[in-house]
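Colleague: Just dropping this structure here.
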Amino acid sequence: AKSQGKQRYSLFNNELLNNNLRRYKLENHLKRAIEKNELHLVYQPKVAFADSKVDCAEVLLRWQHTKLGAISPVEFIPIAEQSHLIVDIGNWVLESVCKQIVEWKQHYQLDRVSVNVSPQQLAHMDFISSLEHILRRTGCQPAWLEIEQTEGWMMENPDDNIAVFKRLKALGVRLSLDDFGVAYSSLSQIARLPLDVLKIDKSFVEYCEVGSREHMIVRTVIQLGRNLKLQTVAEGVETEAQRQILDAEGCDMYQGYLFSKPVDGKTFVTMLEKKPQA
Ligand code: C2E
Ligand code: CA
Ligand code: CA
Ligand code: CA
């Protein structure tokens, strides 16, 4: 029994060591991922319930490491956030997507693209001025960009964060509250935010069956959105049954594998309507 305990102990230690090693390795490699061209963007279409049209997308970051292969943003974004690499990476994402929007706008009926922004990015002193520079440099109009931020972030430091949101709103950027419903934010704080979109978290959509508790939560969130004059977007829609409930409840848009996984830009534009050419 004694030796077994010892073995278990060393196993546990090895696992910790391996985790720390991988983390350390990833952080080091992430520093050069931009210059090594290992980062790229994929786009997940958003579908309007009203006419089934696609004219929006969410952009998602991908890291293809030469040796380690594809690394999930769920793993590397937190590492980037804790090491401040997120500021450079986030600016790279913004610059790349703004360039792409401007190019697509010439040929396709694209309304806007939403971008995930980390709390550490938003909290950075220079965020607003970097964004203004990027918009000016690329010729991207602020209204073509939507910023997604999780409600958890907002609640951490409401006064400062509401001030940042107000400055973004004044710039003309659209604002979306991501993963809504999971962070128990107080409704009085939500009411203070200059929002455009409520994004229903996929954990509710996943278990949304007729009459379920999740169904009632989804219904309540959509009603809240309607009363606050916000657009509602459901994420993680995988089945026809989920889509039908959301449609019946009056959700505005959905996103999910049912329609499409995130895809490269070339594939995404095949889902857009072409602009009539003069
Ligand atoms: P998120 O913003 O909540 O993004 C939605 C995630 O759900 C994406 O995972 C997307 O691929 C996935 N998804 C979409 N449809 C479905 C579906 O029908 N079923 C299921 N099960 N999943 C679906 P992804 O791309 O792995 O991104 C994970 C998270 O990483 C994002 O969650 C976001 O928080 C973060 N992230 C991704 N790109 C960026 C970025 O450029 N900047 C920052 N700061 N964070 C990012
Ligand atoms: Ca998002
Ligand atoms: Ca989300
Ligand atoms: Ca999420």
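The values are calculated or read from the model by the stated rules, or taken from the named source; none is laboratory data. All values reported here derive from a predicted model rather than from experimental measurement. Virtual Cβ from ideal backbone geometry, glycine too; neighbours counted across all protein chains shown.
Colleague: Does THR220 qualify as being surrounded by fewer than 16 Cβ atoms within 10 Å (Cβ to Cβ) and of a type in the set (Val, Ile, Thr)?
Modeller: Numbers: surrounded by fewer than 16 Cβ atoms within 10 Å (Cβ to Cβ): yes; of a type in the set (Val, Ile, Thr): yes.
Answer is yes for this residue.
Colleague: If you take the residues in the range 201-212 that are away from ligand 2 (no atom under 14 Å from the Cβ) and hydrophobic (A, V, I, L, M, F, W, C), which one is surrounded by the most Cβ atoms within 10 Å (Cβ to Cβ)? Steps first, answer last, please.
Modeller: To start, the set of residues in the range 201-212 that are away from ligand 2 (no atom under 14 Å from the Cβ) comprises 204, 206-212.
Still in the running and hydrophobic (A, V, I, L, M, F, W, C): 204, 208, 210.
Numbers: PHE204: 24, CYS208: 28, VAL210: 9.
If we take residues in the range 201-212 being away from ligand 2 (no atom under 14 Å from the Cβ) and hydrophobic (A, V, I, L, M, F, W, C), then CYS208 is surrounded by the most Cβ atoms within 10 Å (Cβ to Cβ).
Colleague: Can you name every residue in the range 159-201 that is basic (Lys, Arg) and either in contact with a strand residue (DSSP E or B) (Cβ under 9 Å, 6 or more places away or on another chain) or within 14 Å of ligand 4 (Cβ to nearest atom) (or both)? Even if it seems obvious, please write down each step before you answer.
Modeller: Looking only at the range 159-201, we keep the residues that are basic (Lys, Arg), and these are 166-167, 169, 174, 192, 199.
The answer is LYS169, ARG174, LYS199.
Colleague: Just for the range 223-248: of the residues that are away from ligand 2 (no atom under 16 Å from the Cβ) and among the aliphatic types (A, V, I, L, M), which one is surrounded by the most Cβ atoms within 10 Å (Cβ to Cβ)?
Modeller: LEU246
Colleague: A further question on this structure: Which residue pairs have Cβ atoms closer than 9 Å, lie 6 or more positions apart in sequence or on different chains, and pair a first residue in the range 110-134 that is under 16 Å from ILE86 (Cβ atoms) and modelled with pLDDT of 95 or more with a second residue that is of a type in the set (Ser, Thr, Tyr) and within 9 Å of ligand 1 (Cβ to nearest atom)?
Modeller: Within 9 Å, the pairs are ASN116/THR150.
Colleague: Scan the range 223-249 for residues that are within 16 Å of ligand 1 (Cβ to nearest atom) and not in a helix (DSSP H, G or I) and jot them down.
Modeller: Hits for the range 223-249 are THR232, VAL233, ALA234, GLU235, GLY236, VAL237, GLU238, THR239.
Colleague: Pairs under 8 Å by beta carbon, first residue modelled with pLDDT of 90 or more and among the β-branched types (Val, Ile, Thr) in the range 166-184, partner assigned to a helix (DSSP H, G or I) and within 16 Å of ligand 1 (Cβ to nearest atom), six or more apart or different chains?
Modeller: Hits for this filter: VAL173/LEU131.
Colleague: Out of the range 111-132, which residues are of a type in the set (Gly, Ala, Ser) and within 16 Å of ligand 3 (Cβ to nearest atom)? Give the steps one after another, and end with the answer.
Modeller: The first filter runs over the range 111-132 and keeps only residues of a type in the set (Gly, Ala, Ser), leaving 114, 118, 123, 129-130.
Those that are of a type in the set (Gly, Ala, Ser) and within 16 Å of ligand 3 (Cβ to nearest atom): SER114, SER118.
Colleague: Further question: So if I check each of GLU58, GLU75, GLU35, which one is in contact (Cβ under 8 Å) with a residue 12 or more places away in the chain and out of contact with any helix residue (DSSP H, G or I) (no Cβ under 9 Å at 6 or more places or on another chain)?
Modeller: Details: GLU75 fails: out of contact with any helix residue (DSSP H, G or I) (no Cβ under 9 Å at 6 or more places or on another chain); GLU35 fails: in contact (Cβ under 8 Å) with a residue 12 or more places away in the chain.
Result of the check over GLU58, GLU75, GLU35: GLU58.
Colleague: Can you give me the number of residues within the range 187-200 that are more than 17 Å from LEU145 (Cβ to Cβ), surrounded by 15 or more Cβ atoms within 10 Å (Cβ to Cβ) and hydrophobic (A, V, I, L, M, F, W, C)?
Modeller: Adding up the residues that qualify gives 4.
Colleague: Which ones in the range 176-186 are out of contact with any Gly (no Cβ under 7 Å at 6 or more places or on another chain) and surrounded by fewer than 20 Cβ atoms within 10 Å (Cβ to Cβ)? Even if it seems obvious, please write down each step before you answer.
Modeller: Here is the first cut: in the range 176-186, the ones out of contact with any Gly (no Cβ under 7 Å at 6 or more places or on another chain) are 176-182, 184-186.
Passing the criteria: ASP179, VAL182, TYR184, SER185, SER186.
Colleague: Just to be sure I understand the filter: pairs with C-beta atoms under 6 Å, separated by 6 or more residues or on different chains, first member in the range 143-158 and over 18 Å from LYS46 (Cα atoms), second member assigned to a helix (DSSP H, G or I) and at pLDDT 80 or above. Which pairs pass?
Modeller: TRP153/PRO119; MET154/ASN161; PRO158/GLN189
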